[in-house]
1. Show the residues, 5+ positions off or on another chain, whose built amide H is closer than 5 Å to the amide H of B:ILE128.
2. Under 8 Å for C-alpha pairs, at least 6 residues apart: give me the relative contact order for the range B:40-96, rounded to a whole percent.
3. Could you pull out every residue, at least 5 positions away or on a different chain, whose amide H is within less than 5 Å of the one on B:GLY38? Hs are placed 1.01 Å off N in the peptide plane, and Pro or chain starts have none.
4. Along the range B:94-111, what does the Karplus equation 6.51 cos²θ - 1.76 cosθ + 1.60 (θ = phi - 60°) give for ³J(HN,Hα), rounded to whole Hz, x for Gly and Pro?
5. On the Cα set of chain B, report Rg and Dmax in Å, please.
6. Quantify how strongly other chains surround peptide B:116-125 by giving the mean number of their Cβ atoms within 10 Å of each of its Cβ atoms.
7. Run the quick spin-label model on B:ARG127 and A:ALA3: label points 7 Å from Cα toward the beta carbon, then report their separation in nm to one decimal.
8. For the range B:20-31, in order, what is each residue's ³J(HN,Hα) by Karplus, 6.51 cos²θ - 1.76 cosθ + 1.60 with θ = phi - 60°, in whole Hz (x at glycine and Pro)?
Amino acid sequence: MSATKKKIVRNTLKNRNRTTVVIATPIAAKDTLFPEKVAKAKKMLRNAKFLDPRFGKVRND
Amino acid sequence: MIRVSYPYKRIQSRRYAFVSDGKKQIQKIVDFVPIGKGNIVNLGFGDVLPDGSMDDTANSNNGNIIKVLATVIDILRDFTSLNPHSEVFFTGSTDERTKLYNRIIKMYYPTFSKEFVVAGALMIQDRIHYSPYDSEFDQEYLAFLVKRIS
């Protein structure tokens, strides 16, 4: 196996275990018609505790 | 479930419009906005004012609140069928409006729960908790999260 091929295989194996986290782009106030409602929602979800396991696979800010 | 509703139009991928045709004609907008936490989107809903601005606190007294809310539920159904992993957050813009949403969900929960799972927000020791919705619970929920049953 050539050195280049070995390098490709090594990088592929290395990347296989890498987790890509996609962070949703925050919505700018101008992009929503109801910025106050969005702000209220964010406030009510910040540090909230989810007792219902069907919801809230949520990252904290 | 409430049967009678207004026709609506999806004007953008996350935005819908319809006309509330009661005592007067009022243009309504329903807007779903990701809030940057998991799959949660906020449901915003309000009137388009003559100057083009939005008002989500207006009490338009157009004599058709049930039909308007039925339309919002139809829109919620459409949005969640297109975005089945979305968790839709909503609360009232006023305490009265939140109480109204509590009454509507309680009334239609037996049917609503066939299509959606619902969690309600409660304040417990200064912290908001989202717990599975209980229609027998005698306290008002502060907000709701709904998700389509997959």
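What follows draws every value from the coordinates through simple rules; no lab data is involved. Since the model is a prediction, treat every value here as computed from it, not as a measurement. Ideal geometry is used to build each Cβ from the backbone, glycine not excepted, and the neighbour counts take in all protein chains shown.
1. Long-range HN contacts for B:ILE128: A:LYS49.
2. 50 percent
3. Those lying under 5 Å, H to H, from B:GLY38 are A:ARG59.
4. 3J(HN,Hα) across the range B:94-111, in whole Hz: 9, 4, 4, 5, 5, 4, 4, 4, 4, 5, 5, 5, 4, 5, 9, 4, x, 7.
5. 15.1, 45
6. Partner-chain Cβ atoms within 10 Å, mean over residues of B:116-125: 2.
7. About 5.7 nm, to one decimal.
8. Result, ordered by residue: 7, 9, x, 4, 9, 9, 10, 6, 10, 10, 10, 10 Hz.
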